Amino acid sequence: MTLLAPRTASARTRPNPEIADWVDDIARLTTPDEVVWVDGSTAEWDRLTKEMVAQGTLIRLNPEWRPNSFLARSDPADVARVEDRTFICSVDPDDAGPTNNWRAPSIMRLELSELFSRSMRGRTMYVIPFSMGPVGGDLSQFGVQITDSPYVVASMALMTRVGDDALQAMTPGTPWVPALHSLGVPLIDDDGVRHDDSPWPHNETKYICHFPETREIWSFGSGYGGNALLGKKCFALRIASVMARDEGWMAEHMLIVRVTSPEKKVFHLAAAFPSACGKTNLAMLAPTIPGWKVETIGDDIAWMRPGPDGRLRAINPERGFFGVAPGTGPSTNPTATQTIWGNTIFTNVALRDDGDVWWEGLTDSPPAHATDWEGNDWTPASGTRAAHPNGRFTVTADQCPSIADEWNSPDGVVIDAILFGGRRPSTVPLVSQARSWQQGVFMGATMASETTAAATGEVGRLRHDPFAMLPFAGYNMADYFAHWIAMGELLGDKAPQIFSVNWFRTDADGRFIWPGFSENARVIEWIVGRLEGDLAARATPIGGLPLAHELNLEGLSVGVDEIQAIIDLDKPAWQREAAAIAEYFGTFDETRFPAELRRELDRLTRDLGPD
Ligand code: GDP
Ligand code: PGA
Ligand code: MN
């Protein structure tokens with residue numbers, strides 16, 4: 001067999017024997033036609049995209065509008081993360097529970113080995129050495145992904161630092177996370193007959209499995225980003241959260257921005273919002289208020305660790321953006337619109353007749369005719385969506401006009417404030433400040449948000465999503481809360497201030513009251529005012545609330561009365577909320593659940609008073 005004869009340029013770099021052995025084992029298990037080591041080069045990108053165009057997996061967009069860019073249409077049954085097929089395979093089920101699906105590692109391993117057995121017959125097996133974070137950085141981590149999907153290879157090359165630099169840095173003894181992925185659709189059947197490939201192969205059986213003790217990922221049956229680009233949610237959140245707990249750092253579902261005030265003072269904010277709740281938009285915010293500048297460091301994930309000065313430092317472990325396309329346009333997110341000028345892979349959006357892409361919200365008026373995300377003729381009269389609500393763009397961060405120079409710094413940036421937010425049509429005010437780290441952790445632990453199209457299942461159902469980590473914490477959620485409390489103790493008076501925000505309050509007609517997007521700069525201005533001690537806050541049971549006249553509303557079309565309603569404490573709603581939180585806290589194991597959070601709930605209930 002020529003299995004281990006690398007075909008690409010990275011033949012120059014010999015993998016360390018541990019990696020070579022693992023690759024060898026997986027090749028024996030999955031029996032691909034050949035093994036290709038990925039080097040992340042332009043030549044490789046050109047070859048892969050050309051092959052995928054020939055195969056029908058990608059459509060080349062008109063280079064006049066969108067150079068070196070492609071559209072992928074997934075199978076309609078493979079469009080989002082599959083949370084019900086996502087498992088944490090810890091030895092003890094209590095280490096995964098109560099919020100994660102659990103499988104016994106030994107049993108899961110057997111089942112997966114059967115599924116992966118010969119699953120790559122007739123296909124190419126790609127080996128992707130990658131680094132999450134700048135190669136060799138103190139906060140960075142290595143991984144090696146194996147996949148039989150060229151779409152995954154091209155996407156990983158945009159989203160992470162792949163290739164020889166990472167491979168060379170993985171010297172023997174360096175920790176790296178093995179991440180195995182297969183579409184689960186061999187091209188040669190048991191009788192040795194070769195079948196035609198489809199544009200988007202995937203298997204009805206899907207498994208997204210994480211082994212926290214051995215720090216491994218096995219993903220089977222899906223080609224969709226969140227299920228298949230294993231550096232992202234699987235490694236950078238589920239596996240990394242376990243590493244972080246063990247090693248005293250934090251792996252969080254957070255964007256990172258650098259904010260410069262009119263006085264030229266610099267602040268860094270990290271913000272956790274659930275999927276499709278505004279991280280990418282806030283990360284690329286173009287402020288409407290004069291004198292303010294917001295630059296992007298990351299849009300989805302933050303790895304944070306106390307630095308030598310005791311302050312929390314954060315890096316964005318990724319190298320690109322996997323953003324929600326619908327709703328992204330020049331009026332909502334001009335920065336993203338400019339970022340995706342070219343060199344971009346679009347997934348499940350519409351194709352215009354002129355060979356460019358389109359989605360709802362990209363332009364005010366739709367094209368007269370297009371091809372929808374499923375490949376059907378579409379006109380504005382069709383009454384259907386042209387793009388899937390979870391349609392995505394995949395692009396490197398260095399194309400983003402608002403990217404901060406520091407985004408690539410291995411030491412990261414010092415975090416001054418942490419924001420928690422979700423889609424809450426009622427109850428949660430526009431902004432509030434925690435009086436303490438403990439109250440901030442309470443805010444994170446009690447987050448709830450309406451479900452979105454980023455995961456399969458019902459959309460618009462309010463569910464608890466603590467720290468926006470419900471689908472991403474790789475271990476017991478009560479332990480995760482305790483880790484947050486412990487990090488606060490470690491950081492002491494150097495801990496960032498914590499705020500809660502909510503852009504999604506609605507009026508009686510269900511319309512958003514707060515204009516959001518670029519106008520969110522006004523909330524950032526208030527937050528910075530609080531950090532600087534320039535602005536006052538009204539102390540309430542749910543934290544410090546802004547005084548209406550101290551919130552910059554100049555030039556906003558929304559009436560002061562409407563704003564007043566969303567910045568105040570809605571006491572009856574919070575009394576109901578406190579009762580719901582008590583019920584929610586009851587779902588956790590008493591012995592693991594931090595006493596600090598119970599004390600916060602008691603205090604909230606007491607301070608809210610009787611009805
Ligand atoms: P992410 O998945 O958390 O990165 O979320 P995105 O930033 O991609 O946004 C997801 C969806 O929420 C998109 O349709 C956005 O248009 C919408 N969105 C983002 N920010 C705001 C906001 O401030 N207000 C409102 N009403 N919608 C927003
Ligand atoms: P996001 O999730 O919406 O938080 O960007 C990405 C995903 O669904 O994998
Ligand atoms: Mn995003």
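The values are calculated or read from the model by the stated rules, or taken from the named source; none is laboratory data. Source: prediction; values computed, not measured. Cβ atoms come from the backbone with ideal geometry, glycine included; neighbour counts cover every protein chain shown. Only protein heavy atoms, including side chains, enter the accessible area calculation; ligands, DNA and RNA are left aside. Shrake-Rupley method; radii C 1.70, N 1.55, O 1.52, S 1.80 Å.
A few remarks follow.
- Pair list, Cβ under 8 Å, 6 or more apart: region 589-611 residue under 13 Å from G543 (Cα atoms), other residue part of a loop (DSSP other than H, G, I, E, B): R603/P541; L604/P541; L604/I542; D607/P541; L608/P541
- Count - residues of region 536-546 that are open to solvent by less than 40 Å² (accessible area, probe 1.4 Å) and either aliphatic (A, V, I, L, M) or in a strand (DSSP E or B) (or both): 6
- Filtered by the rule that a residue be in a helix (DSSP H, G or I) and free of Cβ contacts under 8 Å to residues at least 40 places away in the same chain, region 330-348 gives a lone residue, T337.
- Any pair with Cβ under 8 angstrom, 6 or more apart, that starts in region 436-454 at a residue that is closer than 10 Å to R423 by Cα and ends at one that is basic (K, R) and within 16 Å of ligand 3 (Cβ to nearest atom): S449/R423; E450/R423; T452/R423
- Flag for P67 being open to solvent by less than 10 Å² (accessible area, probe 1.4 Å), touching a Gly at 6+ places or on another chain (Cβ under 8 Å) and farther than 30 Å from D465 by Cα: no
- For the residues G133, G137, the requirement of being open to solvent by 10 Å² or more (accessible area, probe 1.4 Å), farther than 23 Å from P105 by Cβ and not assigned by TED's automatic domain parsing to the domain that holds V413 singles out G137.
- Qualifying positions in region 275-286 - open to solvent by 10 Å² or more (accessible area, probe 1.4 Å), near ligand 1 (Cβ under 8 Å from one of its atoms) and assigned to a loop (DSSP other than H, G, I, E, B): S275, A276, G278
- Residues of region 41-58 satisfying the condition of being in contact (Cβ under 8 Å) with a residue 60 or more places away in the chain and either touching a Lys or Arg at 6+ places or on another chain (Cβ under 6 Å) or surrounded by fewer than 20 Cβ atoms within 10 Å (Cβ to Cβ) (or both): S41, W45, E51, Q55, G56
- Looking only at region 287-329, and only at residues there that are among the hydroxyl-bearing types (S, T, Y) and part of a loop (DSSP other than H, G, I, E, B), the one that is nearest to ligand 2 (Cβ to nearest atom): T328
- Residue in region 547-562 that is open to solvent by less than 50 Å² (accessible area, probe 1.4 Å), within 27 Å of P287 (Cβ to Cβ) and β-branched (V, I, T) present: yes
- Scanning region 287-306 for residues being open to solvent by less than 20 Å² (accessible area, probe 1.4 Å), away from ligand 3 (no atom under 16 Å from the Cβ) and farther than 13 Å from N520 by Cβ gives a total of 2.
- Yes/no for L255 being within 16 Å of ligand 2 (Cβ to nearest atom), under 25 Å from A453 (Cβ atoms), assigned to a strand (DSSP E or B) and of a type outside the set (D, E): yes
- Residues of region 78-95 that are within 21 Å of the chain's Cα centre (by Cα) and either surrounded by fewer than 18 Cβ atoms within 10 Å (Cβ to Cβ) or away from ligand 3 (no atom under 16 Å from the Cβ) (or both): D78, V82, E83, D84, R85, T86, F87, I88.
- When region 499-532 is filtered for residues that are open to solvent by 20 Å² or more (accessible area, probe 1.4 Å) and assigned to a strand (DSSP E or B), the ones remaining, listed by number, are T506, F512.
- For G248, the conditions (1) touching a Lys or Arg at 6+ places or on another chain (Cβ under 8 Å); (2) within 16 Å of ligand 2 (Cβ to nearest atom); (3) farther than 19 Å from R319 by Cβ all hold with the exception of (2).
- Restricting attention to region 437-466 and to residues that are within 16 Å of ligand 3 (Cβ to nearest atom) and not acidic (D, E), the residue that is nearest to S426 (Cα to Cα) turns out to be S449.
- Pairs meeting the criteria (first residue in region 540-563 and closer than 23 Å to Q575 by Cβ and small (G, A, S), second residue part of a loop (DSSP other than H, G, I, E, B) and open to solvent by 40 Å² or more (accessible area, probe 1.4 Å), beta carbons under 8 Å, at least 6 apart or on different chains) are G543/R435; G544/R435.
Matching residues to (1) within 17 Å of M304 (Cβ to Cβ); (2) in contact (Cβ under 8 Å) with a residue 40 or more places away in the chain; (3) open to solvent by 30 Å² or more (accessible area, probe 1.4 Å); (4) in contact with a strand residue (DSSP E or B) (Cβ under 9 Å, 6 or more places away or on another chain):
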site	(1), (2), (3), (4)
F420	yes, yes, no, yes
G457	no, yes, yes, no
F467	yes, yes, no, yes
A478	no, yes, no, no
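- Pair list, Cβ < 7 Å and 6+ apart or interchain, from region 171-185 residues that are at positive phi to residues that are β-branched (V, I, T): G184/T205
- Put simply, of T337, T332, T260, T280 the only residue that is among the hydroxyl-bearing types (S, T, Y) and within 12 Å of ligand 2 (Cβ to nearest atom) is T280.
- None of L351, L269 is part of a strand (DSSP E or B), open to solvent by less than 10 Å² (accessible area, probe 1.4 Å), away from ligand 2 (no atom under 16 Å from the Cβ) and not assigned by TED's automatic domain parsing to the domain that holds G226 except L269.
- The single residue among G391, G361, G375, G383 that is surrounded by fewer than 23 Cβ atoms within 10 Å (Cβ to Cβ), within 16 Å of ligand 1 (Cβ to nearest atom) and not hydroxyl-bearing (S, T, Y) turns out to be G361.
- Whichever residue in region 563-608 is under 27 Å from A508 (Cα atoms) and of a type in the set (G, A, S) and, among such residues, is surrounded by the fewest Cβ atoms within 10 Å (Cβ to Cβ): A579
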